[in-house]
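Take a look at the structure set out below.
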């Protein structure tokens, strides 16, 4: 790759889900090109062959029907639909967001996600810490997300890891992802949610298990505690800089999910 040139997004997958999604995209493109390219070539070939100056071209104005030609014309789109439909059917089941990663050997890490106006809250219930607009994960470890919204419907998306999924007030959706290599991957809100929508971004920092444990220890040693009063401040509309909380009230995610009715948002 040339110096200074870096491809990001769905074409630069950094996890098994995103890799599978890119493969689906490439397969679907190849299937459609198998139809598009011959059609384009045939269009130019017919135009050239039936040009006014070609005396060898036969003009048959009374031609009306050919069973073999009809079979050929209809068989091609039927095959395309079957191939594309088959890929969509199989992959939609294989990449079900709630389905655990088949190739995962390690125990998944649990992360609870809350979309607010206009920030992202990440709670690590087993580790007892939380962060805003900064998602830290260990590489090679499956991540099981539970996601909800404290305001309007939103959409959680990390293009290089795959699988956009919606967050909705009063309910929890699930998502399984994994980062294979250390790095910083941009995450975003893919659903318009008001004035601060454009700034509703976050960084996914994937690091080795040792570095992740070191981050946990540092998080537990500093910062504020995330209790109901502190969460009340986060609920206020506005963008926020990344911040880490050394502890989290037990059951906070469930209380958010149970008491939120989709208020706020807009603007």
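Could you tell me which of the residues 30, 34, 42 is surrounded by 10 or more Cβ atoms within 10 Å (Cβ to Cβ) and touching a helix residue (DSSP H, G or I) at 6+ places or on another chain (Cβ under 9 Å)? Steps first, please.
On the way: 30 fails: touching a helix residue (DSSP H, G or I) at 6+ places or on another chain (Cβ under 9 Å); 42 fails: touching a helix residue (DSSP H, G or I) at 6+ places or on another chain (Cβ under 9 Å).
Going through 30, 34, 42 in turn, just one is surrounded by 10 or more Cβ atoms within 10 Å (Cβ to Cβ) and touching a helix residue (DSSP H, G or I) at 6+ places or on another chain (Cβ under 9 Å): 34.
Here residue 90 fulfils each of the conditions (1) assigned to a loop (DSSP other than H, G, I, E, B); (2) assigned by TED's automatic domain parsing to the domain that holds residue 21 apart from (1).
Go through region 137-163 and count every residue that is closer than 20 Å to residue 212 by Cβ and out of contact with any strand residue (DSSP E or B) (no Cβ under 7 Å at 6 or more places or on another chain). Steps first, please.
Step one: of region 137-163, the residues closer than 20 Å to residue 212 by Cβ are 137-146, 158, 160-161.
Among the residues that remain, those that are also out of contact with any strand residue (DSSP E or B) (no Cβ under 7 Å at 6 or more places or on another chain) are: 140.
Final tally of qualifying residues: 1.
Conditions tested, residue by residue: (1) surrounded by 10 or more Cβ atoms within 10 Å (Cβ to Cβ); (2) in contact with a helix residue (DSSP H, G or I) (Cβ under 9 Å, 6 or more places away or on another chain); (3) not assigned by TED's automatic domain parsing to the domain that holds residue 176.
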position: 9; (1), (2), (3): yes, no, yes
position: 23; (1), (2), (3): yes, yes, yes
position: 58; (1), (2), (3): no, no, yes
position: 64; (1), (2), (3): no, no, yes
position: 74; (1), (2), (3): yes, no, yes
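Test residue 125 against the criterion of being touching a strand residue (DSSP E or B) at 6+ places or on another chain (Cβ under 7 Å) and in contact (Cβ under 8 Å) with a residue 40 or more places away in the chain, and give yes or no.
Numbers: touching a strand residue (DSSP E or B) at 6+ places or on another chain (Cβ under 7 Å): yes; in contact (Cβ under 8 Å) with a residue 40 or more places away in the chain: yes.
Taking the combined requirement at face value, the residue satisfies it.
For region 95-120, the set of residues classified as surrounded by fewer than 16 Cβ atoms within 10 Å (Cβ to Cβ) and either modelled with pLDDT of 95 or more or part of a strand (DSSP E or B) (or both) consists of 110 only. Looking for something over 17 Å from the mean Cα position of the chain (by Cα) and modelled with pLDDT under 95 - is there at least one such residue anywhere in region 198-206? The answer is yes, given that some residue of region 198-206 is over 17 Å from the mean Cα position of the chain (by Cα) and modelled with pLDDT under 95. The selection criterion, being out of contact with any helix residue (DSSP H, G or I) (no Cβ under 6 Å at 6 or more places or on another chain), in a strand (DSSP E or B) and in contact (Cβ under 8 Å) with a residue 60 or more places away in the chain, does not hold for residue 237. When 79, 147 are checked against the criterion of being closer than 27 Å to residue 24 by Cα and without any contact (Cβ under 8 Å) to a residue 12 or more places away in the chain, a single residue qualifies: 79.
Answer yes if at least one residue in region 244-265 is more than 22 Å from residue 108 (Cβ to Cβ), surrounded by fewer than 19 Cβ atoms within 10 Å (Cβ to Cβ) and in contact with a helix residue (DSSP H, G or I) (Cβ under 7 Å, 6 or more places away or on another chain), and no otherwise. Yes, there is a match, as at least one residue in region 244-265 is more than 22 Å from residue 108 (Cβ to Cβ), surrounded by fewer than 19 Cβ atoms within 10 Å (Cβ to Cβ) and in contact with a helix residue (DSSP H, G or I) (Cβ under 7 Å, 6 or more places away or on another chain). Here 161, 175 are screened, and the one residue that is surrounded by 15 or more Cβ atoms within 10 Å (Cβ to Cβ) and outside any loop (DSSP other than H, G, I, E, B) is 175.
Among the residues of region 181-197, those identified as part of a loop (DSSP other than H, G, I, E, B), over 14 Å from residue 241 (Cα atoms) and over 17 Å from the mean Cα position of the chain (by Cα) are 181, 182, 193, 195.
The values are calculated or read from the model by the stated rules, or taken from the named source; none is laboratory data. Owing to the predicted nature of the structure, the values given are computational and were not obtained by experimental measurement. Note that we place each Cβ from the backbone using ideal geometry, even for glycine, and neighbour counts take in every protein chain shown.
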